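S.K.: The structure follows.
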Amino acid sequence: MRVLHVVESYGAGTASAVGQYVLATPDLEHHLIRRLRDDDDHADDGELARFASVTEMNPGVLWAVRSVRSCIKSLQPDVVHAHSSFGGAFARLAVRKRATRGRGALLVHTPHCYATERQDLGGPARRGYALAERLLGLNTDVVAACSGREAHLGARFAPRARHVVVPNVTVVTPGAQSRQPQQGPPVITAMGRLTAQRDPGVFRDLVGLLATRVEQPVRARWIGGGDPALVDALTRVGIEVTGWLPRSTALDLLSTSALYVHTARWDGAPMTMIEAHALGLPQVALLSPAIADAPAECLGADAEALADRVADLVADETRAKTNLTLWDGYFADCTPARQRAALQEAYGRNDEGQTS
């Protein structure tokens, strides 16, 4: 079976998620058509070699759709797996779904967080995205959601499609080790693209509050890059910002942390939280709709609440171990076996690998 992945912004969590899909189904022939934005993580850590081919997407909506259509015509894939909002739009504008034609490629869409979740947009813009998703949902065979909440939203936007939850998974690279705190002050780490979505201001405020909550000094670090203004806002208060790193290097660095802090205001299913958990890091997260069902003891509604959580974990190893146990239950389904089975279901294959 030949699968073409369509990704409009190939970087950060989406690139990690797509890479894990390829690892989970090595018996399939995976191809990629992508676009790199100026602020995307351009560091290839060997992931591109897993694809049978990589095609660069043309800029501009019309030309992007044409390049996707041309790639589909050339490769004749069995599955077109579109990722995120714009990749999902380009793919579904480029070709009609199999259910309509009775032949050709199966159109699968993984939102990786619907744009309607964006809190940095006003009501009219979010309603516009919702209308677009409903129209595009008419041309969708399968919604391969990365979380239960995303599946619920997908059922509203594409009610005629099949819906499958494909959990995000991370396989820690051979070079990355389980939690290996360095000597010296404990390191509090956040990770990902510096945008409004991640709300790095919450992390900055949390770090400032820790001075009154912990007896020992701490270091703060953000692994990733993005908006220069947001980078400057963090570095001015002494928070280290690494810039984009190859994934294996980023995970190695993450493993030296005392704990991980996730401050996103909206998400699909956060890859960085899954990566931190795989490395054995205790973690706390800003309460958001995407993780509202997570253990309440690990969440905080604002920087003040998160600072209290962090201070407790830094001071008490027993609480840190309890935190890990709570996340064990939450991430129990985020396994390669479960992801592979869900992808097989989304692509319409049975246990023997035959197309149904």
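S.K.: Of ASP199, ASP267, ASP232, ASP205, which residue is surrounded by 23 or more Cβ atoms within 10 Å (Cβ to Cβ) and of a type in the set (Asp, Glu)?
M.R.: Selected residue: ASP267, the only one of ASP199, ASP267, ASP232, ASP205 that is surrounded by 23 or more Cβ atoms within 10 Å (Cβ to Cβ) and of a type in the set (Asp, Glu).
S.K.: Can I ask one more? Name the single residue, out of those in the range 105-131 being among the aliphatic types (A, V, I, L, M) and surrounded by fewer than 17 Cβ atoms within 10 Å (Cβ to Cβ), that is farthest from ASP78 (Cα to Cα).
M.R.: Narrowing the range 105-131 to residues among the aliphatic types (A, V, I, L, M): 105-108, 115, 121, 125, 130-131.
Checking which are surrounded by fewer than 17 Cβ atoms within 10 Å (Cβ to Cβ) leaves us with 121, 125, 130-131.
On the way: LEU121: 36, ALA125: 34, ALA130: 28, LEU131: 28 Å.
Across the range 105-131, the extreme among qualifying residues is LEU121.
S.K.: Output the residues belonging to the range 180-207 that are closer than 18 Å to ASP312 by Cα and at pLDDT below 85.
M.R.: Within the range 180-207, PRO181 is the sole residue that qualifies.
S.K.: While we're on this one: Applying the selection to the range 148-157, what residues are touching a helix residue (DSSP H, G or I) at 6+ places or on another chain (Cβ under 9 Å) and surrounded by fewer than 24 Cβ atoms within 10 Å (Cβ to Cβ)?
M.R.: Correct list: ARG149, LEU153, ARG156, PHE157.
S.K.: What number of residues within the range 64-101 satisfy the criterion of being part of a helix (DSSP H, G or I) and open to solvent by 60 Å² or more (accessible area, probe 1.4 Å)?
M.R.: 11
S.K.: Assess whether TYR114 counts as being under 21 Å from ALA132 (Cβ atoms), touching a Leu at 6+ places or on another chain (Cβ under 9 Å), modelled with pLDDT under 95 and of a type in the set (Phe, Trp, Tyr).
M.R.: yes
S.K.: Can you tell me which residue in the range 297-309 is farthest from LEU206 (Cα to Cα), limited to those that are open to solvent by 70 Å² or more (accessible area, probe 1.4 Å) and part of a helix (DSSP H, G or I)?
M.R.: Going through the qualifying residues, I end up with GLU297.
S.K.: Quick check: anything in the range 314-330 of a type in the set (A, V, I, L, M, F, W, C) and assigned to a loop (DSSP other than H, G, I, E, B)?
M.R.: Within the range 314-330, none of the residues are of a type in the set (A, V, I, L, M, F, W, C) and assigned to a loop (DSSP other than H, G, I, E, B).
S.K.: All but one of (1) aliphatic (A, V, I, L, M); (2) modelled with pLDDT of 90 or more; (3) touching a strand residue (DSSP E or B) at 6+ places or on another chain (Cβ under 6 Å) hold for MET1, so report the exception by its number.
M.R.: Checking MET1 against (1) aliphatic (A, V, I, L, M); (2) modelled with pLDDT of 90 or more; (3) touching a strand residue (DSSP E or B) at 6+ places or on another chain (Cβ under 6 Å), the one that fails is (3).
S.K.: OK, next. When you look at ASP312, is it touching a Phe, Trp or Tyr at 6+ places or on another chain (Cβ under 9 Å) and open to solvent by 10 Å² or more (accessible area, probe 1.4 Å), yes or no?
M.R.: no
S.K.: Among (1) without any contact (Cβ under 8 Å) to a residue 12 or more places away in the chain; (2) assigned to a helix (DSSP H, G or I), where does GLY104 come up short?
M.R.: (2) is the only condition that GLY104 fails.
S.K.: What's the total number of residues in the range 208-260 that are part of a helix (DSSP H, G or I), modelled with pLDDT of 90 or more and over 17 Å from the mean Cα position of the chain (by Cα)?
M.R.: The number of residues fulfilling the criteria is 13.
The values are calculated or read from the model by the stated rules, or taken from the named source; none is laboratory data. Quick caveat: nothing in here was measured; it's all calculated off a predicted structure. Every residue, glycine as well, gets a Cβ built from its backbone with ideal geometry; the counts of neighbours run over all protein chains shown. The area values use the complete protein model at the heavy-atom level, side chains included, leaving out ligands, DNA and RNA. Shrake-Rupley method; radii C 1.70, N 1.55, O 1.52, S 1.80 Å.
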